[in-house]
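Below is one structure; the comments refer to it alone.
What follows is calculated from the coordinates using simple rules that are stated; it is not laboratory data. Not measured: the values here are computed from a predicted model. A quick note on method: Cβ atoms are made from the backbone with ideal geometry, for glycine too, and the neighbour counts reach across all protein chains shown.
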Amino acid sequence: MARTLSIIVVEQDRDRAMLIVDSLRSAGDHDIHIIASETGLARQIAERSPDVVLIDIASPSRDMLEELTLASGPLDRPVAIFVDQSAEGLGKAAIEAGVSAYVVDGLRADRVTPILEAAVARFHMFQRMRSELAATKRALEERKVIDRAKGILMKARGISEDEAYALLRKTAMDKGSRVAELAEALVTSAGLLS
Amino acid sequence: MNGVAIRVGFIPLVDAAPLIVAQVLGFAAEEGIALDLMRAPSWSALRDLLVHDRIEAAHMLAPMPVAVAMGQGGGAARLDVLSVLSLNGTVIGVSGALAQKMRAGGARFDFADAAAAGQALIAATRGQLRIGVPFPFSMHAELVHYWLAALNLPEVDRIAIRTVPPPMMGQAIAAGEIDAFCVGEPWGSIAVERGIAELLLPGRAIWARAPEKVLAVRHGWLTGEPDLAARMLRASWRAGRWLDDPANHITAAEIIARPEFLDVPSDVVERALSGSFIISARGEQRQVEDFMSFHRGAASFPWRSQAAWIAAQMARRSGSDPVAAARAAREVFRSDTYRQVLGPAGAELPGASEKLEGAIEAPTAVASASGRLILPADGFFDRRIFDPASIGR
């Protein structure tokens, strides 16, 4: 992590907080803010909008973990959680909620930075896959509507599929609108007329 | 993640893809920056935005920074080229009437043979051939001049080059203001869709590896903000690598086609990315290998010999000193910055920053930092070879 990150560290234990801060500082000139109490965590994180959240908690219950995860916004930024002990299934739940790293019994000065780096990389990879998926899903939905509109035109005017598409395309271009929007309007109005 | 905002201008063209994808898919966010993408109406407007500090970086025609370096492009601020955003990606199209005449004369419209297509075009033209290009300092103008000059069409009285912004190219041909055009995609295919033009050639048929768009910044900004420039360069390079994978073409087309970027149907955008073209309203299909390149074969490396080629062509036409022009042009193609920033990021770095242009006939392994760099064929259609060391001789 060559550049300066704003990092929120959630840690109740003062000594361990110092260990984390020293470890992070040795890796870069980061802007680090420590939150000792979990009350109002969501508000504090929302206000500061940090680049990364690092949470260290001794032995979380499922409810605690869920609350922390929700408060840290794991879909908006990389979140790494360190625990001493973990009940069965907690790690899986955290990762499924979008947490970028869930580390059991791994809080050591020399490990904090590489784990955080991996968490940041993983977060960006997932973020990219989410965006790609959203774009292709939208395209798929639009193409479905266009297919339905083509079908309506083919039946109503007795033309081929290619001709129906060409007609949609040309009308959309002449009107300065998108093919998908025109198709949507056609499908809606055909629904009204039938 | 919070990012430092960098204002980046672009013209709605498929080859703005590396910058659009860098922002939309988070390659920029990963570098801690946010590209504030601003669509400009024309190339001159875009240049003015950059020269006058209204934006920090721009998607730019490769010859524009060269023209500025030669004192021809307007504006005193030196522009530097961080990388080549794309190679090729343009098409040459003709009006329906001209296409009909050419076909009557036996033209095949094979979308491949530049010599045959050019001869057919010349044979079908009476008087002046009016050709629309997006800007006087553009690879489009250079390719058209190079092509027709090699086929012995006298420039002075037979060719009239007109400037038309890319999205307006179809309208200009429909209005009878031009007979033909050379334009970046998707605007050639859009004109085909509207039934007002037919595609004659891809730009790559004239020069197989023509540097088309570059990532340009003000020299002063690069000097003052080297770290931000490096982050933007890495983000755009990673986006280019993503775009290079054919598996990503559909997704890329969907993103680029959005209303805030190109605002055209996504399947028309896909044609340029996949090289599957429809060249006429009758639905004739043509497949072009490597219609445009973003990444492979050091496509984004700003070769100083590319700058020298552009400068030599422009100097010859304007009657200025080719040696001084090429010297100034070489300096603004920042292969040094590219090496410094992208070497550690894993880019294939060629051993040299200049090469003979047009000398590679088949994919060739060349000296590089990793030893794995293969340069694809880069020939001109007339098989001439440009030696940057020969300028002025």
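With each label modelled as a point 7 angstrom along the Cα→C-beta vector, the residue B:320-residue B:352 pair spans 2.6 nm. For region A:135-193, taking the reciprocal of the average inverse distance between every pair of different Cα atoms yields a Kirkwood hydrodynamic radius of 11.5 Å.
Across the options A:75, B:96, B:380, the greatest Cα extent toward the positive end of the charge dipole of the protein assembly as shown (unit charges at beta carbon of Lys, Arg, Asp, Glu) belongs to B:96. Taking every alpha carbon pair in chain A, what does the distance histogram look like in 10 angstrom bins from 0, in percent? For chain A, the pair-distance distribution reads 8, 28, 21, 9, 13, 14, 7, 1.
Which of B:109, B:181 has the fewest other C-beta atoms within 10 Å, and how do the rest follow up to the most? Spell out each step's value before the answer.
Details: B:109 21, B:181 30.
Placing the least packed residue first, the sequence is B:109, B:181.
Based on alpha-carbon atoms, the Kirkwood radius and the radius of gyration of region B:1-158 give Rg/Rh equal to 1.07. Using a Förster radius of 41 Å, what is the FRET efficiency between residue A:189 and residue B:45 based on their Cβ-Cβ separation? Nearest 0.05, please. In this case the efficiency is close to 0.55.
So what does log10 I(q)/I(0) come out to for the protein assembly as shown at q = 0.06, 0.11 Å⁻¹, using the Debye formula with one equal point on every Cα and no solvent? Cα-only, vacuum Debye calculation for the protein assembly as shown: -0.37, -1.04.
When B:232, A:154, A:18 are sorted by how many other C-beta atoms sit within 10 angstrom of their C-beta, beginning with the fewest, the order is A:18, A:154, B:232.
Does anyone have the angle between helix A:179-193 and the longest principal axis of chain A? Alpha-carbon axes, 0 to 90°, nearest 10? Its long axis makes an angle of about 60 degrees. Phi-derived couplings, Karplus 6.51 cos²θ - 1.76 cosθ + 1.60 at θ = phi - 60°, listed residue by residue for region B:193-208: 4, 7, x, 10, 7, 10, 8, 9, 8, x, x, 5, 5, 8, 9, 5 Hz, with x used for Gly and Pro. The alpha-carbon of residue A:155 sits under 19 angstrom from the alpha-carbons of these lysines, leaving out residues fewer than 8 places away in its chain: A:144, A:170. Just tell me which lysines come within less than 29 Å, Cα to Cα, of residue A:92; anything on the same chain fewer than 8 places away is out. In chain and number order, the partners are A:137.
Computed on region A:6-107, with alpha-carbon pairs under 8 angstrom and 6+ residues apart, the relative contact order is 26 percent. Of the options A:44, A:114, A:99, report the single residue whose Cα projects farthest towards the positive end of the charge dipole of chain A (beta-carbon charges: Lys, Arg +1; Asp, Glu -1). Most positive-ward Cα: A:99. Normalised by the number of residues in chain B, the mean separation of alpha-carbon contacts (under 8 Å, six or more apart) gives a relative contact order of 21 percent. Scanning residues 5 or more positions from residue A:82 or on other chains, those with amide H under 5 Å from its amide H are A:55, A:56, A:57, A:103, with H placed 1.01 Å from N in the peptide plane.
Can you tell me the FRET efficiency between residue B:174 and residue B:287 if r is taken as the Cβ-Cβ distance and R0 is 22 Å, rounded to the nearest 0.05?
With R0 = 22 Å, the Cβ-Cβ based efficiency is 0.20.
Rounded to the nearest 20 debye, the dipole magnitude of the protein assembly as shown is 1860 debye, with +1 charges on Lys and Arg beta carbons, -1 on Asp and Glu beta carbons, and the Cα centre as origin.
Each listed q (0.06, 0.07 Å⁻¹) maps to a log10 I(q)/I(0) for chain B from the Debye sum over equal C-alpha point scatterers, namely -0.20, -0.28. What spacing in nm lies between the two simple spin-label points modelled at residue B:162 and residue A:108, each 7 Å away from Cα in the Cβ direction? Reported label-point gap for residue B:162 and residue A:108 is 7.4 nm.
How much length is gained on full extension from residue A:3 to residue A:177, taking 0.36 nm per residue of separation minus their Cα-Cα distance? Each step should come with its number before you reach the end.
Values: separation 174, 0.36 × 174 = 62.64 nm, distance 4.32 nm.
Working it through step by step, the gained length comes to 58.3 nm.
Dipole size of region A:135-193 about its Cα centre, with +1 on Lys/Arg Cβ and -1 on Asp/Glu Cβ: approximately 80 debye, rounded to the nearest 20. Each of B:261, A:126, B:137, B:386 has some number of other Cβ atoms within 10 Å of its Cβ, and from fewest to most they run A:126, B:386, B:261, B:137.
Here the relative contact order of chain A, from alpha carbon pairs under 8 Å that lie six or more residues apart, stands at 15 percent. Summarising the label geometry, the points placed 7 Å from Cα in the beta-carbon direction at residue B:274 and residue B:387 lie 4.4 nm from one another. With the convex hull constructed from alpha-carbon coordinates only, region B:101-153 shows a mean projected area of 3.9 nm² over all directions. Considering only the Cα atoms of region B:205-283, their convex hull presents on average a projected area of 7.5 nm².
I need the calculated FRET efficiency for the pair residue A:160 and residue B:152, taking r as the beta carbon distance and R₀ as 41 Å, to the nearest 0.05. The pair residue A:160/residue B:152 has a calculated efficiency of 0.35. Of all aspartates and glutamates in the structure, those lying under 20 Å Cα to Cα from residue B:101, and not within fewer than 8 positions of it along the same chain, are B:110, B:113, B:177, B:179, B:198, B:284. Over the C-alpha atoms of region A:6-107, the Rg to Rh ratio, Rh being the Kirkwood estimate, stands at 0.93.
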